[in-house]
Amino acid sequence: MSKKRKNSGDDFILELARDNYVPLMFVIICTVCIPVSGFSPAYLINEIVTRLGRNAFLILSLLIPIMAGMGLNFGMTLGAMAGQIGLIFAADWQIWGIPGMILAMIISIPISVLLGLLCGKLLNMAKGREMVTSYIISFFMNGLYQLVVLYMMGSVIPIIHSSIKLPRGYGVRNTVSLLNMRQSLDNLLAVRIGGVKIPVLTLIVIGLLCLFIIWFRRTKLGQDMRAVGQDMNVAGDAGIKVERTRIIAIVMSTVFAGIGMVIYLQNMGNISTYSSHTQIGMFCIAALLVGGASVDKASIGNVFLGVILFHLMFILAPTAGAKITGDSMIGEYFRVFISYGVITVALIMYETKKRRAKGRLVISLNLIRARRGRIEKQTYHSF
């Protein structure tokens, strides 16, 4: 009996390690890098809390498409572009602080809805290939975004302030300053505990989105999305409008990404007009996967664990790399390599698990057929 319990305990541990190999790998990396880097616990906690407030809203926007069975939404970049456009207008009209953030969010929402509708309709034409398609759509829309920002703003779309415009009279500068808006949300109800700044209002906003996601999962639309995510054909037979439900999931994700980008950039204090949005989708998806999520399953817990582990590695890697090798760029290369490597490994493991599950299903069906054949034979001979 004790041997059986021991074996079952060992099997449970192995299964747990197999399902959470990515978070465990990052825990090991961070455990090794923390003493090497020489950073104090207060500094690390302060940095993690700051990055949690900066990134969590963006990463939470990825959960709804996963629930609808659409995988990792690389198209969240479209929402990030909408958020940046909203902030460019707020900066041009010199509306700063919380009013400027609210204005930027209001401007971003209709743009996000429009882009989300377009993205959702295109993804419905590429069922089963949503991630690759959304990745390519983000590249396509980046070209359109640059056309608007580089040529149309100032020539077709009025831009008032010369500090935002390029010297030629049209187009937006490479960097737009948000110094008068920097950390407006983070500082409004901030408290300091033991030298650690806690942006209370930002965390409340993130908490409200978490509560919304929990509530939304229990609504009829949320249940429909889960049904579509499990099996589109069965959901369609049950009377659920599959394509419409999938479009709503992408629109919601894009809108949340736009709002999340406003929160992200107010923390940073400036907009890199042509590059801020380009890597945001990649890093958010990498952080979610580091938290133990997969292509078809993700939770709020995965978001927070992913932000902590992924960004802890981002803080530690350059300094640890400099102390070990004498070159801080080694650490920089390492963290970029890890961020892309995590996505690659997660996708490979997901596909491997999917094929194994399919193989087990085929074997089970064959066994059922064989048993049924034997029973029919025995029944025939008995007669």
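Remark: pairs (first residue in the stretch 324-344, acidic (Asp, Glu); second residue at pLDDT 70 or above; Cβ separation under 7 Å; 6+ apart in sequence or on different chains) = Asp327/Gly321; Glu332/Pro318.
Tell me, please, whether a residue that is of a type in the set (S, T, N, Q), in a loop (DSSP other than H, G, I, E, B) and either surrounded by fewer than 16 Cβ atoms within 10 Å (Cβ to Cβ) or on the phi < 0 side of the Ramachandran plot (or both) can be found in the stretch 187-208. No, that holds for no residue. Taking the stated definitions as given, is Phe12 in a helix (DSSP H, G or I), modelled with pLDDT under 95 and loosely packed, with under 14 Cβ neighbours inside 10 Å? So Phe12 fits the description; yes.
Within the stretch 159-186, the set of residues being of a type outside the set (A, V, I, L, M, F, W, C), within 28 Å of Tyr43 (Cα to Cα) and either out of contact with any strand residue (DSSP E or B) (no Cβ under 9 Å at 6 or more places or on another chain) or surrounded by fewer than 14 Cβ atoms within 10 Å (Cβ to Cβ) (or both) comprises Asn180, Gln183, Ser184.
In the stretch 290-302, the residues that are touching a residue at least 40 places away in the same chain (Cβ under 8 Å) form Cβ pairs under 8 Å with partners that are among the aliphatic types (A, V, I, L, M) and surrounded by fewer than 16 Cβ atoms within 10 Å (Cβ to Cβ), at six or more places apart or across chains, as follows: Ile300/Ile214. Within the stretch 116-135, residues that are closer than 10 Å to Arg246 by Cα and in contact (Cβ under 8 Å) with a residue 24 or more places away in the chain have Cβ atoms under 7 Å from residues that are part of a loop (DSSP other than H, G, I, E, B) and of a type outside the set (Phe, Trp, Tyr) in these pairs: Leu123/Met70, counting only partners at least 6 apart in sequence or on another chain. The set of residues in the stretch 247-277 being under 18 Å from the mean Cα position of the chain (by Cα) and part of a loop (DSSP other than H, G, I, E, B) consists of Ser275, Ser276, His277.
Yes/no matrix, rows are residues, columns are (1) outside any helix (DSSP H, G or I); (2) surrounded by 23 or more Cβ atoms within 10 Å (Cβ to Cβ); (3) out of contact with any helix residue (DSSP H, G or I) (no Cβ under 6 Å at 6 or more places or on another chain); (4) modelled with pLDDT under 90:
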position: Leu72; (1), (2), (3), (4): yes, yes, no, yes
position: Ala91; (1), (2), (3), (4): no, yes, yes, no
position: Ile98; (1), (2), (3), (4): no, no, no, no
position: Leu123; (1), (2), (3), (4): no, yes, no, no
position: Met131; (1), (2), (3), (4): no, no, yes, yes
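Of the residues making up the stretch 51-61, none is among the charged types (D, E, K, R), over 26 Å from Phe216 (Cβ atoms) and surrounded by fewer than 24 Cβ atoms within 10 Å (Cβ to Cβ).
The values are calculated or read from the model by the stated rules, or taken from the named source; none is laboratory data. Note that the structure is predicted; figures quoted are calculated from it, not measured. Don't worry about glycine lacking a Cβ; one is built from the backbone with ideal geometry, like all the others, and counts go over all protein chains shown.
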